[in-house]
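Accompanying notes for the structure given below.
Coordinate-derived values only; no laboratory data. Note that the structure is predicted; figures quoted are calculated from it, not measured. Here the Cβ positions follow ideal geometry from the backbone for every residue, glycine too, while neighbour counts run over all protein chains shown.
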Amino acid sequence: MREAREGLSLALWVLVGVLAVACAVGGIQVAQAHDTRARESAQHARYDATLDAATAEATAFVNVSHETAEDDLARIAAGATGPLKDRYTEDVRRIVRSLRRDQTATAGEVVWAGVVRVDDANATVLVATDGTREDRRTQDEPEDRDLRLRLRLVEVDGAWLTSEIQVVD
């Protein structure tokens, strides 16, 4: 009888050990799943933020008029950093003079945007725009101007700012 009780006691201890290991493994899996969801959520937030910032910057870039040039250039500079920001803050007089001389007006909208790459500090976004341009060369008649742009963005103090805009084919 004592041997049966000892066998039952040993079996219970083995069962308790197996259950403890199962609980530990389950807890580790839950923690890993939670970490994965947190990383994915942060990545999605970065993706959304870069897409919004690039869309806003591209919209500002394709909407510039000789009549509102200073405000339009300030809008571009507000979403920029580095040499791009410098260009739209330091060269304002020259750019405004050129826009007014040629009576240039561009108008457009973003019709498509997609994030190519994003990490904690950098992103690349491709943007397609549909718009028009008119100036003295076009005899003040709107001319189709559809652009494909590659924007490089960097995270600066929690905001995604454009460091480079390139027209691509």
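Laid out as a table, the results:
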| read-out | value |
| --- | --- |
| Degrees between helix 2-61 axis and first principal axis of the chain (Cα, 0 to 90, nearest 10) | 0 |
| Length-normalised contact order for the range 27-130 - Cα pairs under 8 Å, 6+ apart - percent | 30 |
| [x] 64, 34, 30; [y] 109, 29, 22; [z] 38, 33, 33, with the label sought being that of the calculated Cα extents along the principal axes in Å | [y] |
| 15 Å beta-carbon shell around Ala121, net charge (K/R +1, D/E -1) | -2 |
| Most mobile listed residue (Leu19, Leu51, Leu84) in the chain, GNM with C-alpha springs under 10 Å | Leu19 |
| Neighbour-count ranking [beta-carbon atoms within 10 angstrom, fewest first] of Arg117, Arg145 | Arg117, Arg145 |
| Ranking of Trp160, Trp112 by count of other Cβ atoms within 10 Å, fewest first | Trp112, Trp160 |
| Between helix 92-102 and the chain: long-axis angle, C-alpha atoms, 0 to 90°, nearest 10 | 50 |
| Total charge dipole magnitude, the chain, about the Cα centre, Cβ charges on Lys, Arg, Asp, Glu only, Debye to nearest 20 | 540 |
